[in-house]
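Just below is one structure, and these are the notes that go with it.
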């Protein structure tokens with residue numbers, strides 16, 4: 001949970017301070033999009049740990065963001081994380097699937113929403129950050145990160161299922 005709280009202001013600081021990479025369509029890809037994908041997965045683990053109280057760490061992380069990033073970035077982050085958190089909440093409360101599948105499903109649903117909302121609002125602070133290529137690379141990097149975690153968790157789940165009880 002503490003990692004989740006600290007990653008939120010870190011990624012917002014990064015969006016404001018780490019240079020973007022020019023994209024062919026004139027937009028800019030923010031390398032911090034990869035870290036945002038990590039936050040979505042870390043949030044899944046934090047939610048598993050503290051259940052419905054996940055909104056409190058989210059609020060703390062966003063509060064810290066206002067000290068580390070421009071207000072537009074913190075606002076964009078707050079709205080994007082808030083909406084994607086509701087998607088995660090629905091996946092976690094309505095699904096009894098294994099953790100590996102919930103991570104992949106929730107990230108696949110929340111990454112496009114999170115990315116689009118964040119980039120649209122962050123575009124006020126970083127003009128040109130929202131383009132279709134920026135959106136697609138942001139979503140793809142988040143889902144790729146979630147897929148890697150999915151594969152690791154799936155392997156661990158299979159290993160546990162094949163172990164014989166002592």
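For this structure, a couple of remarks:
- The Cα atoms of the range 12-58 give a gyration tensor whose axes a ≥ b ≥ c have a/c of 1.5 or more with a/b greater than b/c, which makes the shape prolate.
- Taking a quarter of the surface of the Cα convex hull of the range 35-124 gives a mean projected area of 5.3 nm².
- The relative contact order of the range 2-155, computed from alpha carbon pairs under 8 Å that lie at least 6 residues apart in sequence, is 33 percent.
- Computed over the alpha-carbon pairs of the range 2-155, the distance histogram in 10 Å steps reads 12, 44, 33, 10, 0 percent, short to long.
- Label-reachable residues, the range 31-72, where backbone N falls under 20 Å from a point 7 Å from residue 109's Cα toward its Cβ: 37-56, 58
Each value in this text was obtained by applying a stated rule to the coordinates, not by laboratory testing. Every value quoted in this text rests on a predicted model; they were computed, and no experiment measured them. A quick note on method: Cβ atoms are made from the backbone with ideal geometry, for glycine too, and the neighbour counts reach across all protein chains shown.
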